[in-house]
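Presented below is the structure to which this report refers.
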Amino acid sequence: AKNATAEQISVLERTCEEMEYHFAAQTPDWVKRLDAGNRTIHEMLYEGSGSSHLRLSGYHLLEIPQVIGGFFIYDDADVEESLRQHREIVKAIKLQNGEWARSAVACHLNAALERFRDREAEESSLDS
């Protein structure tokens, strides 16, 4: 959180605003816009972390479709939660509160993991 530049924080805030706008307006390409925004947010988090290890491993995670393309399977409540979590992460970074930022990121990632587990369980029950 302490390594993020003012420019990176500005990109994070602007990206959150754009994602929230496209979701609220349900623009024709809102899912693609949210996926692109999500990628930008994650890239900025990796860049701003100051950790070459996190940056390298994070960029590899972005190549997994389920990691970056989650908005295709999210319902509205999931999207709203994810957008709120992004805002919380950005606020923690802006305030240079590393512990809060780490906790907010962990919450965001764990919530996404649970969504994927729920979807897998739903798909498995449909296949049975």
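The values are calculated or read from the model by the stated rules, or taken from the named source; none is laboratory data. Note that the coordinates shown come from a computational prediction; the quantities given were computed from them, not determined experimentally.
Here is how the numbers come out for the structure above:
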{"quantity": "Residue within region 54-70 that is modelled with pLDDT of 90 or more, closer than 22 Å to Lys2 by Cα and of a type in the set (Gly, Ala, Ser) present", "calculated": "no"}
{"quantity": "Filtered residues of region 5-47 (kept if modelled with pLDDT under 90 and more than 11 Å from the chain's Cα centre (by Cα))", "calculated": "Tyr46, Glu47"}
